Structure formats: structure tokens, C-alpha cells
């Protein structure tokens, strides 16, 4: 055990803290799921990128500063502590970029990563389908080969596409081999959301905003150059370790320690002995998550030095997902109990609360994550018929 | 809604309260699972029976006073409130007697019920088998027909036989038709535990006592006169409504309201603001259970007037079982938190705590009860392969 | 001893449910919640005229039906099941406050208007007032006085749950008339409010569970109805058990408050028990409803979020569960 | 930044585990717990002589190994996994109390004896004292003084968890010598005690989970291993997640207490966090262990009840979880 930060890490931390203090908007930006807020968030990302803070761990050629994992975590903690805006580009930088780095061609990296770093191009994740909410193996949208044009023709429907209402490009899996079963025969595609044949229908959320959309594909042509990884290999590509590392596995603890800090501040304003125990409990859980993440980072750093803990990491990702999503709900419920009747009146906590409800549902429901933990970490037998919910 | 007690019910309540006040031992009796305590509990039951308090709802010919259901509940509440001894004869009077009343011959009722009421003869429940803890359908112990002697020959092993270490007679299901599958081909037998071929091996519990035993059957002969219900009909007999009515469905709320009262008294001695919320919560849950039971009693009273709510009752039994068993654990945990470090030193609460652990396990684990509630009340689909845990 | 609805009470419940099934479905509730008035005036008129929901607990001498608060709670449990916005909660609390604390003159003057269907409310603190902007009779407890307020300026404040109407009262130009004993009125109002919320919560929890069960029977994932997955079954079974217990507690509380013979401490305990337990049950049922519906639950079109928001609102109107437990004397 | 055991620390853990696997199986633990002394003297001797468990946190100038309390916590986590009764908890707390509050003279006199394997304990209140009847060095905090007690009469008091030794001290004929600052000693003792209990709890929780998982893979009911039932899988998955988080919290707390540079408030927060969380995790893991084992769990022969009793005892030695949360300054 050695929890000291090195000189250079401390310097990095100081630099990030100073920059954020100087640049984070005093007033929270309008929601990034509104047209106005979307643009303002793009501008914020551009500002981050200009000073190389939007993707600190990326290569210098792509607006990064080749920061270490530890530095990345440090930056995330500072970012949330500073109350900086949500990342409008998160689908791209956290979910898609790692896959492009691992499976993308040089051409794809050069074409897609720089504009992703500046949020000039914002990406939507087109993952679920109406009949396949949690069950990606049963995706029905199709990709038909078109040799004449040297590409594929997409048809079908995706749902719960986050950011799709306002984003520019999307990524998702399509069934390119109708014969193949379940996970086989899927191909990973990148496509502009204004391409001919694409229809985007926003989904109004319970908070009244439109963070998700349905996307319909009617003979949408995608050139081979925009296929990520090998045709038919989409499942493996999508599930590759990298896809999770900086996404699920390292879902920034900073977000929750910052929320815990806000909860403590709220308690100062409105102390209530009857709620104190839960306030402390939430603080403790946020801290435990932060510490657990340092353990993950240590393993990751090792693997970057050659150790193979990819699977272990994915599994930690499932543990994390259950943890942070349920912690996030508890944090907000506790805050609303402190607010009492005022909680009913619109407030930042209330928005956060409604938003937190989606945590246990998206990116693989917590039921699925628990199945994964039980079967793949604890080695418990799979359900009869290998059914997994 | 009408929660008033009638004149006669109030009179009954007063009489019961007075008798208990005058007769309940000042000092708790030694555990009924010790040889010494067993005898003292038998004497207590005899005393109850002498004044017709041991089985108030039974016919007068069998030491009862033909009390109504409501009176029975009233008595149970008074009994626990008075801190009276545990019922050493509970397997008999709560689990077996209702079945004898419904399925027993006149001869069986005359032979078994009076000595059960006086606890001159104490009954053990021989239900589970090593490989069939919760899964009675997979019982393996056998009953072989013996026409010459006009009866059956029992072989096999039962486990978790409550009271069997010290009881006189036992009851249980045996497979009388080796061809029949699962629930079919089982027969309900009554047998003396000192019969030739019966071996009783006590099981030491975690509290160091011997409330349970293994019982081995080696060519044990049981005459036809001691078969309860029709041969091969054992499952239906055992599962008949009556079997649950005064057992699970009406597991005396008095036991838990009395425990809640003790918890409140403990809080008076050792107030602790940090535990107050849980003290009240336990009190509330005990009260809710009492109220829910009045609802059950109302339905039962109706059914005695002809309505058929037998199945509904069994289902309420499953709801109750989960409820009271988990409430019992919570009640004791809260008390031990109030006791703090002293909780570690032997105390009545500590004994009650270890005892409470068996609640969610025996008489059908709470997992099974939840399956029953989900499938039979909510109508949710059974597991794949109809597996039910 | 009969712990169940009497025939009359069961018929009352059935009548209300029948009416609401027809007139308070999802579309109707959404329309009413977002309407100018924030509730369905036609439905309210029917409830008042045909069923006399505001008159139930009003004695006959004041032109009421002359049954009890228990019957009102029976109606509230049905209303809770629909999420329909309704002035009945505020009006009921005001009615009971008047009966407990108002002078005979005030009772004679106000109760018949309520029995006839006028909306009433009572302000117990400085915060936003339930139905404060649509009540025709506005009461308040000021110090030890029960006062009637005329000419207050009410400003609607938007709440997360649009089916619950809150308004701030500006008393600058208002006329306040003392009409009775504020302490008695407050004590009654707080207990009746808590029991009424418990009844609404029981209905809501029951509805949330039904929604969840029905959906999980239909929704197929991984080749099975998700309702066949044991982890979900057990969670729904737990909700069922809690709903059953909560209903028992709620009925007992309303009965105790309606029954003059019940010891006051006992009635208070039963009321705080019911509120604490029913509100928590509704919250649990609602969050399971959201979780088990998955993505569609967080869409505007789906009712799951209405159920969830209502469950949260109920915890704030007359005290959160932990505050009710704190109110129980140990 | 390296949030994992160093090679030396990992080797220490492996060595202790290897030794305990051989010498502290169920039979050995039961024999030791019910023996006259209540612990395995031979095993203790081996732990002290071969591994120097009592010397780890003692500076070299007092004949110790001169590493830190963190290494001691690593040993405690392994001990916690076995339920073996051991004087290490009491001795560690007394050691840290001496280091924090004792005079140089007292340190010179007492620490070498502890490093050599003598059992020590410290009484922080009037209640029963951990290892009070088998400690060769008995300390106490009286008012602002740290005192050494000689000639006290110790009476063993039987606890539910026989693997935890408690005794009452009668000081009538005892000789008390002031040896240092009681406030510093108490503060350190309470924090170290909490962190040490957290380490024991993490080991225990991990062991309880393994037992449960292993059993549920073998136990067949209704034609399936019960470990294939989703409701049970999800409960075990929750325990796993909590064990992982609890271990992280426990390591961070022990590290903070061992690291002079860590801010005192931060160290206190981390310690109360770890204790609160690890104890609750052990309690959950233990009760799932009992419930999923079913009937055999409540038999004397089976270890489930030993795990359960230890889990409960850990919650009482240096404060229950809710008391640790209460100790966190808000």
C-alpha cells in the first residue's frame, strides 16, 4: 500500500484544480439535453480541448496530454469537485473512443478522434432495440452487404439512444449475417445521424427532457470505411475490455464524492439528527467507492505494464455499476429528506434524483450486473436453460 | 370495520388475564429442550388443561372450551403478554390436531386429542429428510405394506424433527407407493418414538440445546389404526387448509407484540436516540402484523360460517411466515443494539436472538414462501422447469 | 370484531373505483394534472354530487352524510390508486379541523358548503399550502387560533408531482377571522392528514404493484417472461406483503380516528404507524415499478414516473416516514 | 499510488494464511475456544516467534520489527477469516496505546515484552475487558492518566461468541501506576481498535461468503443446485460487492492510522467508515450464510453459527456501526 501521489501527480492535480477554478462556469449550464444547453456544452468541451483537458489520457496528436491512469482519475475527481458541466461527449470519449483505439484503423482514429475530443462532433450510443432492452444477443436490426457501393445497408430500429436527439453521429451493432445465431453475425457500425434514411424520434423523459431517442434506419448506406473492427465481429469488439475500462469500471468516483460533499453542505444548512445517520452512510459509501476505484486503477496500471486483468476489470465494472447507481439514488433520497416539503419544489437535487433513477436501468440493468457478478466472479451455476436476465 | 370486542369476548379476556396473572410462573422455566425443563413445561400444560386453557378452541370433551377464533386470538395475546412459558405441545396442538380434527377417525380423535391437550403425550414433527430439506416432494423414507399384521413397515430417516429428543410420539409422511412420483404415493403416519426399530439422535443447536433430532426408522411397524387419512393421500392431508389455519396463518401476533413491549421496556431502561427509529419501526411492524391477523380472523370466522377461503388462508400463511420470522430477527437485533457490549453476555434477548434465526428457515424457508406468494397470489410464472426452491 | 370493509363500505369503494376506472385513466389524469385548475372539475362534481365524498364525514346537522372519516379514507384509497389529482385530501383535513376546533357558528356556516362540494384547505405552517389556490374556504392555524382567511393572494408553486397542487399564500391584503381553537384544529388536522395520506399511499402502492406484476408477466427477455426470474418474484412478493400490512395499518388508523371511543394515544400511534409504513411501502412499490419496467419507465409517456412522483410527494405532505416514527412517544 | 498489498505484505498474508489453514481449522478453533485459556497457546507462540505478529508495529528500538499497524491489520484480516480466538486484537490496541501515550520509561519496559509475545490489553471503560484474564500486561485509562495495573482480580464472563474472551477486573487489591497520557492513549486505542475490528470483519465476511457460495453450489433442492436460483445469486452478489468495498475501506483506514502524514480528521473518518461498513458487511454475510445453509446452519456441529456469533461480537467490541457513524463529525 502506498497512497502518496508523486510530485508530478501533485503538480498535475494543482494545474487541473487551478484551470478548473478559473474556467468552470459560475452558473450551471442549461441541460445538455436542450438545444440551447447542447451548444453551450459543446463550447465548454471545446474550451477544455483547447487547453488539453477534454481527454487528458489521449495522445497529444488528438488533443490529449498522455496522462497516466492515476492522473486521469485525479482529473476526474477535480472535475466533479469543481462542479464542472456534464460531459456532452461522454458516449464518444468514454464508450466509443476506447474501442476505436483498440480496433479502429489509423484512418478511423485520425478521422473520428480529434473532432470527438473537441465535441465538434457529438456521438450517440445506439444500443438497445424495442424487443432487446437488456438482451443484446437478440438484436434484430440488419446490415445487408452492398458490394457495388462497397459497404452495407442498415435497416431497423434502435431505442434508448442517449444524446441521439441532438448528436451528430451514432454507433451500434447490426445483424450482418441473418443465418448466425445470437452473438454471432453482428457488425459494429458508425453512421451520421443525418444520413439519408435515418429518422430520429426523441423520447421525452420523466424530467421532461429528451436525453434519449428512437432511431429508425431505412436503407441507410454505410461505407466499409465506417465499419469498426471486422464484419461479423461486432460483439467481440463491443465487449472488448477497453470498452469498459474507462467507462463502467472507472465510472468516476469523483461524481459521487462530489455529490456527497454537496449532501454534507446541505446538512450544514438544514441539520436533522434523524437523517444524520443516512448522510454519513452515503458519505461512507461514496468514499468506499473512491477507494475501491484506486484498487482498480492499481490493477489497470499493472496491466498497462503487461499484466492481464482485462476480465477481472470487466467484472469490477459490474460490481461498480450496481454500487454507484444505487448509491446515487440513496444520495439523492437522503438529500430530499433533508429538504423536506421543499423537496417537492423544483431543485437541483430533484433533477438529480429523477436522473439517478436511470442509473440502475441503463448500460445493463443491475439485475444483469448481479447475474454477471454471481456467475463470473462467484462461479455460481447459470440459470436453468442458461437464461440470464 | 368494527374493532369492538363483544361483552362476552371482553369477559373472556378478563378471565384469561386474571388466570394467567395468578398462575404464570414468576421465574421463566428452564428451556423446554432440556430434560428438566421439558417435564416442568408438561406440568405447566397440565395446569393449563385442568382449567381449560391449554386448547381453548377445542370441544369441551377434549379439555377445550369451544372458544371462538376471536377468543382464541385474545387468549394468545394475553398468554404472550403475561410472559407465559413456551408451549411444549405446540407441534401437536397447532400442527397435528387440526389435521386430526379434519381427517382423523373418531377413534383417533378420542385416543390422541385428550393426552395432547394435557401434554401427557408430547408430539414431534418428523417432516424433513437429509436430501429433502425444503423439498417434501422428494421424500425417500418408505412405508411397506404388511397385510399379515394389518399395517405398514416404516424405513428411512427424518431430520429436523422438532421436540423429538424428548417427545413421546411423532408424525410424518412416508412413501407408501414406490412407483408414484413426487407428491403422490405418500402416506401420513403417527408413531411412538419408543417403538421397536426407532432410533432418535438429538441434534445440538447453536444455543447448545437439543430442540431437534434425527429419527431413524428400521422396520418400524405401524398399525392401520395409526394412519391419518387414506393411504397414498398423505400430501393432501398434510397440506389441507386446517393444517395451516391455527399454525402458520395465525402464528400468534401476541408473541411479537409482547416482544415489542419488552423492547419498549428495554428502551426505557437504556434510551438511545440513535436506535429509537428502529425501536419504533419494530413496534409498528409488530402492530401491523397484529392488525393483519385480525383481518385473517375475520375471513376465518366467515369461512366457519360457510365461506371458502381455505386457499386464501394458506396464502396469507405464507405472507405471515415471511413477516413474523423477519420481524422476530429485527426485534432482537434492535434490542441487542440497545444493550450494546452487554449484549454479548448471555441474556434472554440473546437466547431469543439465536432462536429467531431458525424462524426464516423452518416450516418452509422464506425463499419458498416468497415463491408461493409470487406464484400463487401474484400469479407470476413458475421458474423454468417448474423448479421451485 | 370485524376487520374488513362492511357491505356499505365495500359498495362505496366499488362505486368510486368504477367511476374512476371510467373517468380517471392515464389520459384523463394527465389532462387534469396539466390543466389550468390542475384537476378534473367535472369528475370532482360527480364525486361530490353522486357520492358526496366531501359530505361523508360531515354530520347530518350540517347537511352531511353523517358517516365517518373512515368512509372518506376508503374513497381516498381508491383515489390513490388512480393518481388522479383531487382536492379531497385538503378538503377532508380542513373539514376535520373545523369539526375539532371551530365554533358552532363557523361549523354551521362552513360545513354545509363543504358538504355541497366546495374545496377547503388549512394552512398549518408558513410553507406552501395544499390546494391553496383553488380552495374556496381557506383556514389556517395562527398561534392558538383557528382562523378563516379571505382575500389571500395565492401563487401556484410547481411541484415534481403535478398531480399535487401547492400554492403560497400572501396574506398582505387578506382578512383573517378567528373562528375557533387552533390547537384542537391543528392536532386533528395533522392526524387526519397523516391517515389520509396513508390511505392514498396504500392505493398507490397497490396500483404500482399491479402495474409491475402485469408488465413482468408480458415482458420477455432472454426467452422468458421477466416475471419468471426468481429475484424479481421475491422482490414483488415482498412488496405484496408490505401492501397487505400497510392496508391493515391504514384501516386501523382511519377507524381509530373515526371512533370516539378509541384512546387518543392509541389513535395517534396507529396513525403515525400507518403513515410511516404506508408511505415507505408506496416508495418501495414505486421504485420497483420503475426498475422492473426498465427503460420505458423513465419516459414521459409511461405512467411509472407519475406513480413514482406521487409516492415521493406523499412523503412530504404531512410528514416523512422517519418524522412519523419520531412522533411516536417512546 | 499503489492501492494493493506490497509484495512483502502479500507474502505476510500468505504466510499467516498458510499457517492458519494448517493449525486453525474448525476442529482446532473449537478446541481452542473451549479450552481453559480460551485460545491456542501453541499457535500463538508460533505466530509470535515465527512471524512476530505482536512485534510488527513495535519500533526496532523496542526490539520490534518496526513496520506498521497496517501490517498488523493484514494479519488480523487473515485471523478474522478463521474465527480463531486470538489475543492479537487486545495486544495490538494496547501496543498502540502505549506508543501514543506512554512515557519513554514505560515504553522501554513494556514494548519489548509485547514484541516478545506477551499478551497485553487496555481497559477504556468500566465494562468487561478484552482478554482481561489472560493478559500479562494490563493497562487502563483513568481520567487523564494512562495507568498500568498489577494484581487485579480478573473474572472471565462468558460471551455468546466463545472465541472472544472477556473478563471483569476487580481492582480492590490492585496496584495502579501512572505511566503516561491517558487522553492520547484512549484516542489512539479507540481508533486502532475500530480499524482492527474492521480488518477482522473483512476477513470474516469473506469467509462467510465463500462458505455460502461453496455450499450453494453443492446443495441440490428441487433438482437444482440452490446456487442456480437467481434470488440467492443476487443476494450473494450483493455480499461480494460489499466485501470488496469493505476491504478497500479497511485497508485505507489501517494505512491512514499507520501513516503519520495523514491528516488526523481524515484518518478518523476513514476508520469510522471502515468499522461501520465492515461490521455491517460481516453481519450481512453471516446472516446470509445462516439462511442459505438452512437447517444445518443452526446446528452446533456446523461452523455457520460460529461465523454468525463472531460477526455479532465484532459489532460490540469497539462500537456498533451506528455508533461509528455517529462519531463522524458532520
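Bear in mind these aren't lab numbers, they're just calculated from the coordinates by the rules spelled out. For clarity, every value in this text was computed on a predicted model and none was experimentally measured. Counting neighbours? That spans all protein chains shown, and the Cβs are built from the backbone with ideal geometry, glycine included.
Label-point distances for residue D:60 to the equivalent site in the other copies, using a point 7 angstrom along Cα→C-beta, read 9.9 nm when ranked shortest first.
What is the extension gain from residue A:204 to residue A:348, computed as 0.36 nm multiplied by their sequence separation minus the C-alpha to C-alpha distance, in nm to one decimal? Gain in length upon complete extension: 49.9 nm.
A point 7 Å from Cα along Cα→Cβ stands in for residue A:30, and the other copies hold the same point at 8.2 nm, listed in rising order.
Find the centroid of the Cα atoms in the stretch C:115-168 and in the stretch B:59-74, then give the distance between the two in whole Å. Spelled out, the Cα-based centre of one part sits 54 Å from the other. For the stretch D:184-329, the relative contact order works out to 33 percent when only alpha carbon pairs closer than 8 Å and six or more residues apart are counted.
Per-residue ellipticity at 222 nm for chain D, helices alone: DSSP H runs ≥ 4 residues times -39500 (n - 2.57), over residue total, nearest 500 deg cm²/dmol? Don't skip to the answer; put the middle values down first.
Working: 11 runs with 189 residues, N = 330.
That calculation yields -19000 deg cm²/dmol at 222 nm.
Extension gain, residue B:194 to residue B:26: 0.36 nm times the residue separation minus the Cα-Cα distance gives 57.1 nm. Grouping the Cα pair distances of chain C into 20 Å bins from zero gives a pair-distance distribution of 33, 58, 9, 0 percent in increasing distance order.
Helix B:7-23 axis versus longest C-alpha principal axis of chain B: approximately 90°, rounded to the nearest ten. Placing a pseudo-label 7 Å from each Cα along the Cα-to-Cβ vector at residue C:37 and residue D:153 gives an inter-label distance of 8.5 nm. If each label sits 7 angstrom from Cα along the C-beta direction, how far apart, in nm, is residue A:194 from its counterparts in the other copies? Copy-to-copy label distances at residue A:194, shortest first: 9.7 nm. Shown for D:307, B:222: other C-beta atoms within 10 Å of each C-beta, ranked fewest to most, produce the order B:222, D:307. Between the helical axis of C:88-101 and the dominant principal axis of chain C, each derived from Cα atoms, what acute angle in degrees is found, rounded to the nearest 10? That works out to roughly 40 degrees. For chain B, the Kirkwood hydrodynamic radius from C-alpha pairs, put into Stokes-Einstein at 37 °C and a viscosity of 0.692 mPa s, yields a diffusion coefficient of 149 µm² per second.
Taking C:221, C:37, C:162 in turn, the Gaussian network model of chain C (Cα-Cα springs below 10 Å) assigns the largest fluctuation to C:221.
Just check the protein assembly as shown against the gyration tensor rule for me: Cα atoms, a ≥ b ≥ c as the square roots of the eigenvalues, rounded for a/c under 1.5, and otherwise prolate or oblate depending on whether a/b exceeds b/c. Walk me through the intermediate numbers first.
Values: a/c = 1.40, a/b = 1.09, b/c = 1.28.
Judged from the Cα gyration tensor, the protein assembly as shown comes out rounded (a/c under 1.5).
Largest mean-square fluctuation among D:196, D:90, D:205, in a Gaussian network model of chain D whose springs join Cα atoms under 10 Å apart, belongs to D:90. Of the residues A:75, B:216, D:269, the one with the fewest other Cβ atoms within 10 Å heads the list, and the complete ranking is B:216, D:269, A:75. Modelled spin labels at residue B:86 and residue A:18, positioned 7 Å past Cα toward Cβ, are 7.2 nm from each other. Residues within the reach of a label modelled at residue A:61 (point 7 angstrom out along Cα to beta-carbon, backbone nitrogen below 13 Å), restricted to the stretch A:88-121, are A:101, A:105-114.
Between residue A:270 and residue B:47, the simple spin-label model (points 7 angstrom out along Cα→Cβ) gives 5.7 nm. For the stretch A:109-204, a/c is not less than 1.5, where a ≥ b ≥ c are the root eigenvalues of the C-alpha gyration tensor, and a/b does not top b/c. That puts it in the oblate class. Largest GNM mean-square fluctuation among A:45, A:375, A:333, using chain A with Cα springs under 10 Å: A:375.
At q = 0.13 Å⁻¹, work out log10 I(q)/I(0) for the stretch D:9-149 with the Debye formula, treating every Cα as an identical point scatterer and leaving solvent out; two decimals please. Calculated log10 I(q)/I(0) at the listed q: -0.54.
The Cα center of the stretch D:83-109 and the Cα center of the stretch C:184-203 differ in position by 58 Å.
Exposure proxy ranking for B:105, C:68, based on other Cβ atoms within 10 angstrom of each Cβ and starting from the fewest, stands as B:105, C:68. The alpha carbon convex hull volume per residue for the stretch B:340-383 rounds to 103 Å³. Axis angle, to the nearest 10 degrees, between helix B:106-118 and the longest C-alpha principal axis of chain B: 30 degrees.
I need the shape label for the stretch D:184-329. Rule: rounded when a/c is under 1.5, else prolate if a/b > b/c, else oblate, with a, b, c from the alpha carbon gyration tensor. Verdict is prolate for the stretch D:184-329.
Can you tell me the FRET efficiency between residue A:149 and residue A:382 if r is taken as the Cβ-Cβ distance and R0 is 51 Å, rounded to the nearest 0.05?
Numbers: r = 43 Å, r/R0 = 0.84.
E(calc), rounded to 0.05, equals 0.75.
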